[in-house]
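This report concerns only the one structure given below.
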């Protein structure tokens, strides 16, 4: 991502200064809202926000501000800490955990609770030290209360996920979750949750607690009283014993499926604790054994193995071991064609692997280059529309974009390092499609078109295409088609399910799509090129006549 110029840094500094004491509430709210938008961009922008001293001021706003300002401040912190252990640690040092816990416990149900739960969950993802700090600050009873009494199923799922991270920390956390009624609350969510993802998350957390999701409430409570966390199935060792690890690796390689499930879950638990554990697990053959389970295990074993690989991939050395064991090749079909939580776990692991692979190897993303595609000079402009999440699908279509570009096709795709110019480039590219009669190349992942806080999301691009009668070529990349973006009464940005409505209007059964599943970058580029050659660039005179 390019460096920010001095004027951009000054703008951020002025926004941060507006958060200071003495500013009126409206000014603080406006500044926090603007910073939340900026923090979406990540990279240098987030570095500038932190460098300007925003963290303690945002913490203060959560502690003492109006609720709408609290929500915006918590949103900024979520985005600053999402992929930055350093920012997460700095937030903790700035006293940020207790106000987030208080917002979760005392804030109104809705955006305040949801954002606070998300912030605590993101902190819990990062390190053992932060998980302990969360427990000390009273996060456990607050999270349990949301799971037990909350009405928003997405917030309940996030809270259950956060409890899962805390349950993998130490026996004291497990005891506290049980004592707070967490087992009963999670069991109820696992049984009766309105969304499958929430039920699956509750079941996973219960297993980490040593509780059976299918047991009766009374028997689970009794088990909690007997401190099930002392069972050896989930050992949360900060210093991992090599012989114990080797025994679990043998279970992965030669054990019965039930033993493989427990071993994969155990390696996943160990790998959340420290980099030292991740390195040791990979050196003792854990990475390759987990990859093998992804191929041969039951769905439950595959899920735990994929989750463990995701945690291992946070360490460069462990990541290399996964790649050398053909982990990317093995996880890719599961991420494409798997089902439910297995598919999602594989996809999460792949995202981490691909992000680090791109940074480390660079040229590996250019394996397939131009060739055997007719020259595209004179074809009409086309723009890739996709959900930019840095994952393997985005990387694949950036390679496709390069192949087309190398063959002189007038294709557009916002750069991964566009930073602050992302919105301007998106607007410029969409305007070219409208003015020149171009084609929108819609990369139809499952959640493509979801309505988000961003003014430049795939949802907004679809709205533009519909309003301006822009030609769309759907690219089917997953079995789920047309896309099924989430929405409904409990969705933060799409209570009326508008995204699904736009999908139905645009991706009608009569609309022909390009099937990109199981095709190489070169094959996809060739198929897109064939379509684009049917639409030649119009002269300016012809365009003016059409407008008239």
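The values are calculated or read from the model by the stated rules, or taken from the named source; none is laboratory data. All of these numbers come straight from a predicted model, not from anything done at the bench. Methodologically, a virtual Cβ is constructed for each residue, glycine included, from the backbone with ideal geometry; neighbour enumeration extends over all protein chains shown.
So the values come out like this:
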read-out: Any hit, region 448-461, residues being in a loop (DSSP other than H, G, I, E, B), assigned by TED's automatic domain parsing to the domain that holds residue 535 and closer than 21 Å to residue 512 by Cα; value: yes
read-out: Residue in region 517-528 that is closer than 20 Å to residue 430 by Cβ and touching a strand residue (DSSP E or B) at 6+ places or on another chain (Cβ under 9 Å) present; value: yes
read-out: All positions within region 485-501 that are surrounded by 18 or more Cβ atoms within 10 Å (Cβ to Cβ) and under 16 Å from residue 466 (Cα atoms); value: 499, 500
read-out: Wholly within region 485-548, helices (runs of 4 or more DSSP H) carrying at least 2 residues that are modelled with pLDDT of 90 or more and more than 25 Å from residue 374 (Cβ to Cβ); value: 498-506
read-out: 2 or more residues at pLDDT below 85 and within 14 Å of residue 521 (Cα to Cα): qualifying helices (runs of 4 or more DSSP H) within region 338-446; value: 392-406
read-out: Residue ID - surrounded by the fewest Cβ atoms within 10 Å (Cβ to Cβ), chosen from residues in region 473-484 that are in contact with a helix residue (DSSP H, G or I) (Cβ under 8 Å, 6 or more places away or on another chain) and assigned to a loop (DSSP other than H, G, I, E, B); value: 479
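Conditions (1) buried (at least 18 other Cβ atoms within 10 Å of the Cβ); (2) in contact (Cβ under 8 Å) with a residue 12 or more places away in the chain; (3) out of contact with any helix residue (DSSP H, G or I) (no Cβ under 7 Å at 6 or more places or on another chain), marked per residue:
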residue	(1), (2), (3)
133	yes, yes, no
144	yes, yes, no
147	yes, yes, no
150	yes, yes, no
156	yes, yes, no
164	yes, yes, no
183	yes, yes, no
192	no, no, yes
199	yes, no, no
